[in-house]
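Note sheet for the following structure.
Taken together, the values in this text are just the output of simple stated rules run on the coordinates, not laboratory data. Not measured: the values here are computed from a predicted model. Backbone-built Cβ (ideal geometry, glycine too); neighbour counts: all protein chains shown.
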Amino acid sequence: MSLLSRQDVQRIAELARLELTSEELDLFTRQLGDILTYVEQIRALDTTGVEPTSQVLNRPVDRDDAPGATLTRAQLLGNAPDAAPEAGLFKVPRVIG
Amino acid sequence: MTQLRKGTRLRHGVGGQAGEPGAVAAVEQSLARLTQVEPQLSAFNTVMAERALDRARALDASAPIGPLHGVPVALKDNLCTAGVPTTASSKILSGFVPPYTATAVERLEAAGAIVIGKTNLDEFGMGSSTENSALGATRNPWDLTRTPGGSSGGSAAAVAARVVPIALGSDTGGSIRQPAGLCGIVGLKPTYGRVSRYGLLAFASSLDHIGPLTTTVADAAVAFSVIGGFDPRDSTSSSEPMPDLHAALTGDVNGLRIGVPRAFLGEGVDASVLEAFASALNVFAARGARIVDIDLPHAGHGIPIYYLICTAEASSNLARYDGVRYGHRTRLQKDDTLQHMYERTRDEGFGAEVKRRIMLGTYVLSAGYYDAYYLKAQQVRTLVRRDYDRAFETVDVVATPTTPTPAFKLGEKTSDPVQMYLNDIFTVSANLTGLPSISIPCGFASPALPLGLQLTGRLFDEATLLRAADAFQRDTTFHTNAPSLAEATEGKPLDA
């Protein structure tokens with residue numbers, strides 16, 4: 001039995017903000033199922049009491065909250081597909097109806 | 001630094017023995033070679049000829065500014081270059097021109113290097129063949145019907161074909177070492193945190209590394225010396241002092257203990273790979289190194305852990321590509337909401353493998369599955385680290401083949417993600433542990449397809465790692481073999 005249904009894949013796509021085509025949904029349902037079957041092997045390992053590794057530095061990676069030089073607003077807006085540089089804003093479709 | 005450079009062959013293919021060529025001559029030769037081989041290889045996304053020549057003229061007019069003065073280099077196209085498009089070989093970054101330059105690139109240029117172009121990759125570094133590129137696949141210079149490996153396949157092909165002596169790549173699960181192995185060159189993934197990732201387009205932040213691809217270990221050492229060291233702009237950058245690599249490359253491996261995880265070298269490994277690996281160990285033994293059997297009981301679980309962790313991190317890192325601030329945006333239709341714009345932009349902009357990984361990552365982080373997949377993978381990651389900690393109590397470096405097989409055919413593994421993932425069986429451990437790791441040419445399969453030897457060292461001990469790798473190159477000539485591509489195909493149209 002596959003570990004994922006087509007509906008599961010549809011739900012994941014919504015969470016991931018991906019509008020998948022019907023063909024993509026079919027393909028990913030099969031392939032993600034294969035990948036999950038493959039990774040099942042680690043679930044049998046005993047990891048009781050084992051600390052998780054989220055990063056290998058063994059030290060905090062926070063920095064001081066000190067203001068410094070940054071890119072300018074014009075530089076940051078320069079790559080936008082749609083911007084209002086005079087207002088210093090990115091433009092997007094209407095959010096509030 | 002300047003001393004170190006004297007012993008190197010940085011200008012191979014771009015310079016004569018008597019008298020070093022000027023920077024302009026070096027760049028011109030590099031660009032000529034690029035023009036000659038690029039139609040066959042498709043290694044470059046962007047060629048920066050004019051910028052490179054301008055810079056070369058300026059360098060020729062100045063006193064030497066660093067150990068790479070006038071050396072042409074190439075950059076994987078996921079490293080930001082101010083004013084030059086940076087695509088990650090993804091449609092979603094079409095039109096993106098970074099307003100800033102990656103630290104590693106700044107440091108290369110400050111040392112005198114001249115960037116001649118940006119190289120192809122699997123989109124965002126997600127792949128092992130450089131076939132997952134919105135700009136088309138790169139080919140292996142040793143056999144144009146095969147992949148160069150990936151994801152830094154463009155950088156590997158460019159160095160192997162002697163277009164540039166140094167290229168930068170990035171390595172999240174083997175993406176420097178695996179293509180280096182399959183293209184017959186050197187690829188170094190330094191310790192996690194050694195090379196600043198400021199300006200690297202993020203894929204999986206706890207696993208991403210930047211490093212050099214070269215033809216010799218000595219050149220890799222120079223490039224690493226230039227790009228390594230603390231950078232306040234990367235919060236994961238390490239302040240650990242850089243090793244003196246000039247002093248390290250002595251050729252002396254007498255008494256060095258090399259660990260071999262025998263149980264890990266079983267199923268699915270090509271006979272030619274095992275044969276070349278055994279011969280490579282003999283080269284070390286002849287120099288006085290001791291070969292020691294070790295056990296890495298969890299290393300075989302590296303691939304599943306890796307794919308759970310890297311996809312989780314990727315799903316988060318790639319959330320930023322939403323069509324608002326840079327890159328591709330879908331053509332808006334009447335009554336489109338913001339959410340429609342996000343969803344269609346991302347579906348149009350990302351390729352299949354990137355979507356697959358975003359989906360898997362989203363799933364393993366979602367409510368109800370986090371503990372079973374993501375947390376579990378992080379725990380097994382700890383077990384893999386412990387395996388290596390234990391191994392390094394009795395050995396100084398760990399040796400394995402770089403890949404289980406020689407370069408595979410274009411298209412051979414694209415339809416089966418799990419088969420493609422298995423290419424990384426020997427390389428992912430060094431990303432999960434952060435340990436420094438290098439691939440060096442160690443032989444050829446039949447017909448002439450290069451094979452790599454992977455050495456992995458202790459955290460921050462690149463000195464021992466590079467000393468061992470350099471010693472190997474003193475006794476072998478695999479790294480001096482270049483693909484015959486140019487000679488065979490010069491002036492002739494490409495078959496196939």
Quote the relative contact order of region B:287-429 in percent (integer), defining contacts as alpha-carbon pairs under 8 Å separated by 6+ residues.
-> 36 percent
Please work out the ratio of the alpha-carbon Rg of the protein assembly as shown to 2.2 N^0.38 Å and round it to two decimals.
-> 0.93
Stokes-Einstein D (µm²/s) once Rh is taken as the Kirkwood radius of region B:126-265 over alpha-carbon pairs, at 10 °C in 1.306 mPa s | 99 µm²/s
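Indicate the gyration tensor shape class of region B:170-250 (rounded, prolate or oblate), computed on the Cα atoms with a ≥ b ≥ c the square roots of the eigenvalues: a/c under 1.5 is rounded; otherwise a/b larger than b/c is prolate and the rest oblate.
Judged from the Cα gyration tensor, region B:170-250 comes out oblate (a/c at least 1.5, b/c at or above a/b).
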Could you tell me how many degrees, from 0 to 90 and to the nearest 10, lie between the Cα long axis of helix A:22-39 and the main elongation axis, the longest principal axis, of the Cα atoms of chain A?
-> 60 degrees
Along the charge dipole of the protein assembly as shown, Cβ charges K/R +1 and D/E -1, which of A:A16, B:L256, B:L201 sits furthest on the positive end?
-> B:L201
Interchain or sequence-distant (5+) residues whose placed amide H lies within less than 5 Å of the amide H of B:N45 are B:K118, B:T119, B:N120
Of B:162-173, B:303-314, B:363-374, ordering from highest average Cβ density within 10 Å down gives B:162-173, B:303-314, B:363-374
For region B:423-441 versus region B:30-78, the gap between their alpha-carbon centres in whole angstrom = 29 Å
Under 5 Å, built H, 5+ apart or other chain: amide partners of B:V73 = B:I114, B:V115, B:I116
In chain A, the GluC sites (Glu not before Pro) that sit in a DSSP loop and have at most 12 other Cβ atoms within 10 Å of their own Cβ are A:E86
Only Lys, Arg (+1) and Asp, Glu (-1) charged, at Cβ; chain B dipole about Cα centre in debye = 380 debye
Divide by every residue of chain B the summed helix terms, -39500 (n - 2.57) for each DSSP H run of at least 4, and state the resulting mean residue ellipticity at 222 nm, rounded to the nearest 500 deg cm²/dmol.
-> -10500 deg cm²/dmol
At q = 0.16, 0.24 Å⁻¹, the log10 of I(q)/I(0) for chain A from a Debye sum over equal Cα scatterers comes to -0.95, -1.18
When the charge dipole of chain B is computed with +1 on Lys and Arg Cβ and -1 on Asp and Glu Cβ about the Cα centre, the Cα farthest towards its positive end, among B:A399, B:G173, B:N78, belongs to B:N78
Neighbouring partner chain Cβ atoms per residue of B:334-346, average, 10 Å criterion = 4
In Hz, Karplus ³J(HN,Hα) per residue of region B:415-428 (6.51, -1.76, 1.60; θ = phi - 60°; x = Gly, Pro) = 8, 10, x, 5, 4, 5, 4, 5, 4, 8, 3, 8, 9, 5
Applied in sequence order to region B:385-400, the curve 6.51 cos²θ - 1.76 cosθ + 1.60 (Karplus, θ = phi - 60°) yields integer Hz couplings, x standing for Gly and Pro, of 4, 5, 4, 5, 4, 5, 4, 6, 6, 10, 10, 9, 9, 10, 10, 8
With the dipole of chain B worked out from charges on the C-beta (+1 for Lys and Arg, -1 for Asp and Glu) around the Cα centre, which of B:C183, B:H328, B:V159 lies farthest toward the positive end?
-> B:H328
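Checking a compactness column here: for region A:26-81, what do you get for Rg(Cα) / (2.2 N^0.38 Å), N being the number of residues?
Working: Rg = 21.9 Å, N = 56, 2.2 N^0.38 = 10.2 Å.
Dividing the Cα radius of gyration by 2.2 N^0.38 Å gives 2.16.
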In nanometres, the difference between 0.36 nm per residue of separation and the alpha-carbon distance of A:R73 and A:E40 is 7.2 nm
Mind checking B:353-366 for the average number of partner chain beta-carbons within 10 Å of each residue's beta-carbon?
-> 5
For chain B, what is the relative contact order in percent, using Cα pairs closer than 8 Å and at least 6 residues apart in sequence?
-> 18 percent
Please report A:T21, B:T216 as a ranked list, fewest other C-beta atoms within 10 angstrom at the top and most at the bottom.
-> A:T21, B:T216
Ranking of B:T414, A:T48, B:T433 by count of other Cβ atoms within 10 Å, fewest first | A:T48, B:T414, B:T433
Is chain B rounded, prolate or oblate when judged by the Cα gyration tensor, a ≥ b ≥ c being the square roots of its eigenvalues, rounded requiring a/c under 1.5 and prolate requiring a/b larger than b/c?
-> rounded
Counting partner chain Cβ atoms within 10 Å of every residue's Cβ in A:40-49, what's the average?
-> 5
Listing B:D295, B:D219 by rising number of other beta-carbon atoms within 10 angstrom, fewest first, gives B:D295, B:D219
Measuring from the lowest to the highest alpha carbon on each principal axis, how far does region B:189-335 reach, largest first, in angstroms?
-> 73, 39, 26
So what is the relative contact order of chain A, in percent, for Cα pairs below 8 Å that sit 6 or more residues apart?
-> 17 percent
